[in-house]
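Have a look at the structure below, then the notes.
What follows draws every value from the coordinates through simple rules; no lab data is involved. On a predicted model such as this, the values are computed, not experimentally measured, just so you know. When we count neighbours, we look across all protein chains shown, and the Cβ atoms used for this are built from the backbone with ideal geometry, even at glycine.
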Ligand SMILES: [Zn+2]
C-alpha cells in the first residue's frame, strides 16, 4: 500500500480551521501522483442537484455550516479527493486527501466533509460486483457513510468511535435496516478508551467481516482517536494503528484506505506511517507503547459490547 496524493488538496483553503492544509504538509517530500478529474465519479453517490449546489457555494467561497467551510479551490480539491479514493480502490493504496468525506450524506455536507470519498470508491467497486467491507476507525462515527449503505447487504459498514461525541449516533443497537439489517456494526467507545478496548471492539468487527467474506476492504482511515488529538478524548497509541494494519494484512487480500480525520499535525504522519508499516509487513515506527483503559472504562465498554451482540443476535454476521 502506497500513498496517493497531490498538491491540489492544498487548494481547499480553510485558514486556521482544525482541518487545514498543514495536515498534508507533514509529508513535504512525498511524490505527487497525477489524479484524473473526479467529477465523473461524484454521481455514484451524490445527485446532480447536490453537485450544482456545492459548485455554487464553493465558487463563492461560502460555508455550508459552522464546521464545513469552502474556498474557491475547494471544488477542485474535493472532486480530486473522490478520484484519488477511486484510484486507491483499484490499486490497494492509501488516498492521502482532503477534504475528508465520511460525514457527508448523499444530499448534505457535514463535519468538514463535502463528498463522501469512501462511499464513492465503495460504490465504484460494488458496481463491479464486489462485496465491500468498510472499516471506519476514525474516532468519530461516519454517519454519512452509515446512512448511505444503511439498507444494503453487499456493503458491511463498521465503525469504532467515541460516544458521546460529534455527530451523535452510532449506537450499538444501530445494525442497519431493511435488507441491510445486521450489515452495520457500530462499536461506541467510552471517553478515555485505550488500545485494549479498541482491539476488543475490532475483534468483534473482524469476526463479522470474516463471516461477510468481502472481496474488498475499504478503510476510512482517520487518526483522531490518537491520545494527542485535540478534537476527541480517546487514547490510542501510534502502535494501535500499526496493529490495525497488521490485522488487515493477515485477514484480507484487497485493502485500500482513504484519509478522514486526524488533527494533531505533530503525530498524524507517524500514525499514517505506522498503519502503512503494519499493512505492508514492515517494523513499527517510534516508541509509543500500547495504552490501557481504566476499570470503569472497561466495564462500560463491556456493557456496550453485550448490547451490540444482543442486537445482532439472529442476524447473519454475529
Ligand atoms: Zn474524525
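Of all beta bridges that DSSP places with both ends in the chain, some 5 percent have antiparallel geometry. Each peptide among 151-162, 208-219 gets the average number of other Cβ atoms lying within 10 Å of its residues, and from highest to lowest they stand as 151-162, 208-219.
The stretch between residue 315 and residue 43 holds 94.8 nm of extra length on full extension. This uses 0.36 nm per residue minus the Cα-Cα distance.
Spin-label model, residue 131 to residue 53: label points 7 Å out along the Cα-to-beta-carbon direction sit 3.5 nm apart. Taking each residue as 0.36 nm, the span from residue 233 to residue 27 lengthens on full extension beyond its C-alpha to C-alpha distance by 71.6 nm.
With helices as the sole contributors, the chain gives -11500 deg cm²/dmol at 222 nm; each DSSP H run of n ≥ 4 counts as -39500 (n - 2.57), and the sum is divided by every residue. Between residue 265 and residue 280, the distance separating the two model label sites (each 7 Å from Cα on the Cα→Cβ line) works out to 2.4 nm.
For the pair residue 295 and residue 196, the difference between a 0.36 nm per residue extended length and the Cα-Cα distance amounts to 34.5 nm. Remark: the range 126-248 projects, on average over all directions, an area of 7.0 nm² (convex hull of Cα atoms). Measuring between their Cα centroids, the range 133-147 and the range 23-58 lie 19 Å from each other.
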